[in-house]
Amino acid sequence: MADIDLQAVHDTLVSVAFEAGRMILAANPSSISTDTKLNAVDIVTETDQAVERMVSSRLRDAYPSFAFVGEETYQAGVTRITDAPTFIVDPIDGTTNFVHSFPNACISLGLAVDRQPAVGVVYNPFQDLLFTGIRGRGSYMQRNASLEAGKGLGEKVKLPLGGANPPALGDLSSALVSIEWGSQRDGENFEVKARTFRKLAAARENGGAMVGGMRSLGSAALNLCACAAGQLDVYWEGGCYAWDVAAGWCILNEAGGRMVSGNPGIWDTELDSRVYLAVRGARSGLKELVEEFWKVIGDGKMDYKH
Ligand code: LIP
């Protein structure tokens, strides 16, 4: 990794993100063609594909020796993430939000080296909100990010928003937790989620965690950025892919947060494990909250094919 200029990669990814943002905003969700993948709720649009073509061509020109893994060109059982420098890209994360013009979708651009997140760029063009992170150099949030300096460009704010010594994490009863149903709506994975969601919400006297609040942003990348910012305490999901989490994971790490497995007991999880539990940075309480969350999952175990 030492020989890769991560700042230069970051700058290229930010420029590509803005170009993708213009393409996404120019699209009219009610007139573009859509198709389905796994099932009726796993949607892909012509805009997802067009944005990925643009991204892969620009990154191939800028970094011809780097590998590329993108959601719309991924081949199950074939595509693998190796130790080589690899761009891991989701052209539109939150496609269901996008087709509904619900303004919570983004482009997610990650670089992994040795299968570890090294650079992350997540841009929500609907809110002109940019999140960036470089391994060892911190992560930032910027509003009005596409505007010019002196013409409304927002300040780059270091994450977490709570400062270098962010508030301690309490137990789940005071936590704001993000969860997603995802697109797999049957089988054991779905049952583990349904049981866990119910137990998170239920009153303590009924064996629940009485969680402070539960949210679903509909985008893994934006869930991770909200954890990095300290706006969410926890995000749990099974079924999403490396391209949904690679960039946000780098941004979370650089804000002092932690990604562990969404299955109990696994502290070190892989980029492509497809089962994730993210916790925001905090001066204390992170380990305890992870263990409390795993206890709620109990003996449940999610398993998704590659
Ligand atoms: C989405 C993820 C989300 C998950 C959805 C979908 P997409 O990615 O960001 O976390 O719940 O099922 O996988 O398909 O919008 O790129």
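The values are calculated or read from the model by the stated rules, or taken from the named source; none is laboratory data. Quantities reported herein were computed from a predicted structural model and do not represent experimental measurements. Positions of Cβ are backbone-derived with ideal geometry, glycine not excepted, and every protein chain shown enters the neighbour counts.
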Of all residues in the range 168-191 being outside any loop (DSSP other than H, G, I, E, B) and in contact with an Asp or Glu (Cβ under 9 Å, 6 or more places away or on another chain), the one that is farthest from the ligand (Cβ to nearest atom): S174
Which listed residue is out of contact with any Phe, Trp or Tyr (no Cβ under 8 Å at 6 or more places or on another chain) and among the charged types (D, E, K, R), from D3, D90: D3
Any hit, the range 198-208, residues being closer than 26 Å to G256 by Cα, in contact with a helix residue (DSSP H, G or I) (Cβ under 7 Å, 6 or more places away or on another chain), surrounded by 16 or more Cβ atoms within 10 Å (Cβ to Cβ) and modelled with pLDDT of 95 or more: yes
Residue check, K156 under 23 Å from L217 (Cβ atoms), more than 18 Å from the chain's Cα centre (by Cα) and basic (K, R): yes
Residues of the range 261-301 that turn out to be of a type in the set (V, I, T) and surrounded by 24 or more Cβ atoms within 10 Å (Cβ to Cβ), as a count: 1
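Can you give me the ranges of the strands (runs of 3 or more DSSP E) entirely in the range 48-167 with at least 1 residues that are touching a residue at least 60 places away in the same chain (Cβ under 8 Å) and of a type in the set (S, T, Y)?
106-113, 116-124, 129-134, 139-142
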Qualifying position, being more than 20 Å from the chain's Cα centre (by Cα), within 16 Å of the ligand (Cβ to nearest atom), outside the structural domain of S56 (by TED's automatic domain parsing) and among the hydrophobic types (A, V, I, L, M, F, W, C), among A194, A226, A220: A194
Any hit, the range 73-87, residues being within 16 Å of the ligand (Cβ to nearest atom), hydrophobic (A, V, I, L, M, F, W, C), farther than 17 Å from Y123 by Cα and surrounded by fewer than 18 Cβ atoms within 10 Å (Cβ to Cβ): yes
Residue within the range 28-37 that is assigned by TED's automatic domain parsing to the domain that holds V122 and within 14 Å of I107 (Cα to Cα) present: no
Total residues in the range 70-115, condition at pLDDT below 95 and hydrophobic (A, V, I, L, M, F, W, C): 2
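With W249, W243 as the choices, which residue is within 23 Å of I43 (Cβ to Cβ), crowded, with 21+ Cβ neighbours inside 10 Å and of a type outside the set (G, A, S)?
Working: W249 fails: within 23 Å of I43 (Cβ to Cβ).
Within the list W249, W243, the selection yields W243.
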